[in-house]
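What follows is calculated from the coordinates using simple rules that are stated; it is not laboratory data. On a predicted model such as this, the values are computed, not experimentally measured, just so you know. Glycine gets a Cβ as well: all are built from the backbone with ideal geometry, and neighbour counts include every protein chain shown.
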């Protein structure tokens, strides 16, 4: 990672299929099936992202078709009721689209997904043009990073920077993404910071800290003659 935190552009899917607002219902379903996706960004005539159509947006048509009733008497939200008679992407889509920029951190993208309860985010530039799409599975790719790579970054970016010339006293071991810090250091006040910084390294699953102070060496003079210094001659 070269010391640079990963961003959405590092993991997103760059080749993306999108819909125009006039795309027909059956074409939307066909495209989802062909590309094996559950949601598609919708673009306006200029190519900017204006919404997203998901399987959830399409299901009301099937859910309310069973009894053949009109809008009156249907159960569900008013938004679902309106979608029953919708036939184009522009009418079916959820708008405005929840999007993210390519340079946003993976942590922020994950927070946006969790907050808005979405499985994927269209990635757009500053003018709103589609650059890619990032999904939950894309964000999880970072945890496939190798243990040796993680260990090297923890040592370089955390241990060396915090403990400087005493960094050699700290050992870094990584097993399946779990970082273990061991050794004896004098500046134990830095331990919480070391744990927090190590946990922020991309690919780290957890951090276990076994850092402690070096043993106190007794003063040999203080143990002479029952702990008293010899009287001057």
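Checking the a/c ratio against 1.5 first, then a/b against b/c, what shape does the Cα gyration tensor give for the range 145-212? Walk me through the numbers on the way to the answer.
Working: a/c = 1.78, a/b = 1.62, b/c = 1.10.
Note, shape of the range 145-212 comes out prolate.
Assuming a ≥ b ≥ c are the square roots of the Cα gyration tensor eigenvalues, decide whether the range 1-51 counts as rounded (a/c under 1.5), prolate (otherwise, with a/b larger than b/c) or oblate.
It comes out oblate by the Cα gyration axes.
Summarising the label geometry, the points placed 7 Å from Cα in the beta-carbon direction at residue 144 and residue 17 lie 2.2 nm from one another.
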